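I have placed the structure first, in the form of structure tokens, so that the comments after it can refer back to it.
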Amino acid sequence: MSDARHALAETLRAIHLLIDEADLRPAEVLNVADLSIATGVPEETVSALLRGEDVVEVQLVGRVSQRFRLLRETRLRHDGKTHSIREIATAIGTSHQALTPIAKGTGKPGLETAVNIETFFGVPTGFLTKEAVPALNEALQLVLHNLKGAADPLSHFMTSHGLVTIAQRGGKTLTQRQRTAIASMLDVVLDEGAGR
């Protein structure tokens, strides 16, 4: 198993443990459509990878074209319409002719053009080019982080507010119930303070 496949398997294992602990439905946490949009990886490929199956990686030119098309279909203009090739080209400082081969799957962008496309659509660098396994693993790391926050509200609260530790007397360890109660109490206190 490659390093990327091993990392994906480990991430999925950790997610499934938290899903079981929280008694959640896997389909709600691992939404195939959402993961496809987040990664640019086709839904059928996401589904296969979530099942632990091997997939054939799409060649770079096809992958870039596929993801460019997905960006145009899912990241619409404010009026709900698709961004035109000409509009994207103008916004990123290139020509319509330079983007047409990318859209058709007959050419790939240079590094600067790829980064400019990713910036235009507000996706991370590498979105257009990253292979399916590492792309999915990266998205699942965020899912895992969110699950950990849901499983331990106090840790999530501390992280989101930049707290390193909460002092305790006598070196006792807080129970899960106590941690949840403290996080809820602090949320109320901070919300009331922000409202003044």
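Below is a table of values for the structure above.
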quantity	calculated
Candidates Arg86, Arg69, filtered to the one that is within 14 Å of Val123 (Cβ to Cβ) and in a helix (DSSP H, G or I)	Arg69
Residue within the range 120-127 that is in contact with an Asp or Glu (Cβ under 6 Å, 6 or more places away or on another chain), touching a residue at least 40 places away in the same chain (Cβ under 8 Å), open to solvent by less than 40 Å² (accessible area, probe 1.4 Å) and closer than 16 Å to Glu138 by Cα present	yes
Residues within the range 60-99 that are modelled with pLDDT of 95 or more, open to solvent by 60 Å² or more (accessible area, probe 1.4 Å) and among the aliphatic types (A, V, I, L, M), tallied	1
Unique residue being part of a loop (DSSP other than H, G, I, E, B), open to solvent by 60 Å² or more (accessible area, probe 1.4 Å) and within 17 Å of Asn137 (Cα to Cα) when the list is Glu57, Glu44, Glu53, Glu10	Glu53
The range 21-41, subset of a type in the set (Gly, Ala, Ser), touching a residue at least 40 places away in the same chain (Cβ under 8 Å) and open to solvent by 40 Å² or more (accessible area, probe 1.4 Å), residue nearest to Arg5 (Cα to Cα)	Ala38
Hits in the range 13-29 (condition: charged (D, E, K, R) and either part of a helix (DSSP H, G or I) or at pLDDT below 85 (or both))	Arg13, Asp20, Glu21, Asp23, Glu28
Odd one out for Ile102 among (1) open to solvent by 30 Å² or more (accessible area, probe 1.4 Å); (2) over 16 Å from the mean Cα position of the chain (by Cα)	(1)
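The values are calculated or read from the model by the stated rules, or taken from the named source; none is laboratory data. As the structure is a computational prediction, the values presented were derived from the model and not from experiment. Neighbour counts run over all protein chains shown; Cβ positions are idealised from the backbone, glycine included. Remember, those area values only see protein heavy atoms, side chains included, never the ligands or the DNA or RNA. Shrake-Rupley method; radii C 1.70, N 1.55, O 1.52, S 1.80 Å.
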